[in-house]
Amino acid sequence: MEFLSPKKKFPLNHRDYTLYEEVGQGVSATVYRALCIPLDETVAIKVIDLEKCNNDMDMIRREVQTMILLDHPNLLKAHCSFTATRSLWIVMPYMAAGSCLHIMKSAHPDGFDEHSIATLLHGVLKALAYLHSHGHIHRDVKAGNILVNSKGAVKLADFGVSASLFDSGNRLHSRKTFVGTPCWMAPEVMQQLHGYDFKADIWSFGITALELAHGHAPFSKYPPMKVLLMTLQNAPPGLDYERDKRFSKSFKEIVAACLVKDPKKRPTAEKLVKHRFFKHARSKEFIVRTILDGLCPLGDRFRMLKKKEAAFFAQNEDVYGDKEHLSQQEYIRGISAWNFNLEDLK
Amino acid sequence: MSFSFFKPSRPKTPQEVAKAINDSLTALDIQTVAEVKALEKALEEVEKNFGIMRCMLVGDGETEPNMEQVSQLAFEMCKEDGLALLVHKLPILGWEARKDLVHCWSVLLKQKVDDTYCCAQYVESHYELLDFLVVSYDNKEIALNCGAMLRDCIRFPILAKYILESASFVLFFKFVELPNFDVASDAFSTFKDLLTKHGTVVSEFLTAHYDEFFDLYEKLLTSPNYVTRRQSLKLLTDFLLEPPNSHIMKRYILEVRFLKVMMMLLKDSSKNIQIAAFHIFKVFVANPNKPREVKVILAKNHEKLTELLQNLSAGKGDEDDQFEEEKELIIKEIELVTQLPNLGC
């Protein structure tokens, strides 16, 4: 019956919303749990401080448009967007369990079981197949961008850096810009040689699979520059820890298929969706029972993690030199506004 | 259940695809709103045909499109008024069909057939399509689709020229302030393309419509909406300070009322706006042939201006050095103007 009811109209005035606690933070944006007063519905609102965005607002416009125009059950959609003095408000569905990164940090520090991973990744892959068929590259696939709601539904979020391949030129041109978070970044993206395409997301997807299996991404304890070099020089990472023996052969297969350095040899998202690994996928209810059970409210978890982080940085103040300090902090948080100076690398 | 041999076969050649699209779009008229089921079916048919068109134009991710077929399809779509149908039926189509349409539109317009862009030419002889797309910014449901299609058209100077000079152009001054950020910012991006893509076209337009245009533009620059002020100021720098518009710029910097607007923006509470305003303000001051009125204003306000400028800093690296240098020059120039005799203030 929901199908027949008219589309809900979310108001375009900030006075119609009450902001509650913080549930997420980025470089120039904060995400709040909030109430849409006239509809009596809990939502998440991303508040972007436009004054902190130095350049023109094209990037932001694209992010918002992508969120409005894409329509898939596994993608986080925006209900609406409007400005309130100097900030931009993007109203979205509230994903009560938060991101997989947050869930792991607070309750599953060593990663999830295989059925949960298959269920989560299946959702992500369906979202990627949809994005790719519409000409978008996500460019920032990672556990921190996989959100789960209280009913166990999985949605891929954050199009802050997603690019449209169709925006300039008509066919599937490669992009030549450098965005993403280094641990999850495909070698061809780092090299910036030939531009890259959809296949960069498949690499990040493979890294995300490892992240969900281990509780952290490979190389995540190294500084960004080192990650860049290791990704380019070392053999691709895989499920080769001692305790990875618990995982099935098909899981190892899918990870290995994604983490091939030559992008041409990686499968498409559409093809991967049909991989036998996803026979391990379970229902939303399964996610609720196995990984969401007993989690405390998102706002509390977010506050705790923020505190932990602050303590960590206070302790390690002298470890990180002044120059690298800020970017190092952002890096560890998994924030993706990276500007590398590649000349330094060569 | 129907048997497969009763179904019409899937269109294969560009002619067949164009015909199938026209037929299925025309069929939408015959269905009345009351016949929900029939309409749904007709829409499904359109969607299916769009999928086939899209596949022919951009490939399916695995195979590359056949260029000969692409150019033939472009030709067929013009021949049978298919392009006009696409635009006019857009509002009643479903969500995914609209997106397919936008995607195909972009490929079709760029398609050359025998050295001419036949689809762009078609739009050129059916200008009402452009008006239709512009006005659609008022329809939230299709605004973003139409915006993308418009920007594809604006790549052609002749089409951009038509929109600039059409009656619907003034609507942009309203659209860029719509409450929906996604729609307003899309309208702004089209507005920006119109004013920056084709230097000569823009320069001719501004010359012919100087007063009307800058009257309206002043409203954007002084809008209570932060985003409007910031974006319109940045855009002003983008077109006013470009070489083909130098005569417009020379005219602009003689006018006291525009100087006043820039001085207001120099005092804005946003630093981004202050800095952008400085880059236009400096041209007023640096002008060797400042009219008397401009000098008077500068002299009258020189203390406040000097203080304001001294507190203003761009704040990063090389840009900062150049900014500081320019600032010093401008402060000096204001000082000089103030010491001029006979200003009568």
Name the helices (runs of 4 or more DSSP H) wholly within segment B:108-190 that hold at least 3 residues that are among the aliphatic types (A, V, I, L, M)?
B:128-135, B:143-154, B:157-165
Would you mention how many residues in segment B:79-97 are open to solvent by 20 Å² or more (accessible area, probe 1.4 Å), more than 9 Å from chain A (Cβ to nearest Cβ) and either at pLDDT 95 or above or part of a helix (DSSP H, G or I) (or both)?
6
Would you tally the residues in segment A:22-41 being open to solvent by 30 Å² or more (accessible area, probe 1.4 Å) and at pLDDT 85 or above?
10
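Let's see how each residue does on (1) touching a residue at least 12 places away in the same chain (Cβ under 8 Å); (2) open to solvent by 20 Å² or more (accessible area, probe 1.4 Å); (3) touching a Leu at 6+ places or on another chain (Cβ under 8 Å):
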| position | (1), (2), (3) |
| --- | --- |
| A:S250 | yes, no, no |
| A:E253 | yes, yes, no |
| A:A257 | yes, yes, yes |
| A:P263 | yes, yes, no |
| A:P267 | yes, yes, no |
| A:R276 | yes, yes, no |
| A:S283 | yes, yes, no |
| A:V288 | yes, yes, no |
| A:D293 | no, yes, no |
So, in segment A:229-247, exactly how many residues are open to solvent by less than 30 Å² (accessible area, probe 1.4 Å) and polar (S, T, N, Q)?
1
Quick one: in segment B:210-225, which of the residues that are within 14 Å of chain A (Cβ to nearest Cβ) and open to solvent by 10 Å² or more (accessible area, probe 1.4 Å) is farthest from A:N13 (Cα to Cα)?
B:P224
Look through B:D182, B:D152 and report the one residue that is open to solvent by less than 30 Å² (accessible area, probe 1.4 Å) and at pLDDT below 95.
B:D182
Which of the residues spanning segment A:42-77 are part of a loop (DSSP other than H, G, I, E, B), within 8 Å of chain B (Cβ to nearest Cβ) and either polar (S, T, N, Q) or open to solvent by less than 40 Å² (accessible area, probe 1.4 Å) (or both)?
A:N54, A:M57
Does any residue of segment A:84-92 turn out to be open to solvent by less than 40 Å² (accessible area, probe 1.4 Å), touching a residue at least 40 places away in the same chain (Cβ under 8 Å) and more than 14 Å from chain B (Cβ to nearest Cβ)?
no
Out of the residues in segment A:130-161 that are within 14 Å of chain B (Cβ to nearest Cβ) and outside any loop (DSSP other than H, G, I, E, B), state the one that is most open to solvent (accessible area, probe 1.4 Å).
A:S133
May I ask you to list pairs of residues, at least six apart or on different chains, whose Cβ atoms are under 6 Å apart, with the first in segment B:98-122 being within 14 Å of B:C55 (Cβ to Cβ) and facing another protein chain (nearest Cβ under 9 Å) and the second being among the polar types (S, T, N, Q) and open to solvent by 20 Å² or more (accessible area, probe 1.4 Å)?
B:V107/A:N170
Among the listed residues B:E64, B:E44, B:E68, identify the single one that is out of contact with any Leu (no Cβ under 6 Å at 6 or more places or on another chain), surrounded by fewer than 16 Cβ atoms within 10 Å (Cβ to Cβ) and at pLDDT below 90.
B:E64
Take the residues of segment B:24-41 that are surrounded by fewer than 15 Cβ atoms within 10 Å (Cβ to Cβ) and assigned to a helix (DSSP H, G or I): which is modelled with the lowest pLDDT?
B:I30
Residues of segment B:262-273 satisfying the condition of being surrounded by fewer than 20 Cβ atoms within 10 Å (Cβ to Cβ) and either at pLDDT 95 or above or more than 14 Å from chain A (Cβ to nearest Cβ) (or both)
B:M263, B:M264, B:K267, B:D268
Please verify whether B:P244 is open to solvent by 30 Å² or more (accessible area, probe 1.4 Å), under 20 Å from B:L133 (Cα atoms) and over 16 Å from the mean Cα position of the chain (by Cα), treating the condition exactly as stated.
no
A:K199: passes all of (1) within 14 Å of another protein chain (Cβ to nearest Cβ); (2) modelled with pLDDT under 65 but (2)
Quick check on segment B:322-333. Is at least one of its residues aromatic (F, W, Y) and either modelled with pLDDT of 95 or more or open to solvent by 70 Å² or more (accessible area, probe 1.4 Å) (or both)?
no
If I filter segment B:190-202 down to residues being surrounded by fewer than 22 Cβ atoms within 10 Å (Cβ to Cβ) and among the hydroxyl-bearing types (S, T, Y), which single residue comes out as farthest from the other protein chains (Cβ to nearest Cβ)?
B:T200
If you scan segment A:97-125, which residues turn out to be within 29 Å of A:M59 (Cα to Cα), among the small types (G, A, S) and either open to solvent by 30 Å² or more (accessible area, probe 1.4 Å) or assigned to a strand (DSSP E or B) (or both)?
A:G98, A:S99
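The values are calculated or read from the model by the stated rules, or taken from the named source; none is laboratory data. This one's a predicted model, so the numbers in the text were calculated from it and none came from an experiment. Cβ sites come from the backbone with ideal geometry, for glycine too, and all protein chains shown count toward neighbours. Accessible surface areas use protein heavy atoms only, side chains included; no ligands, DNA or RNA. Shrake-Rupley method; radii C 1.70, N 1.55, O 1.52, S 1.80 Å.
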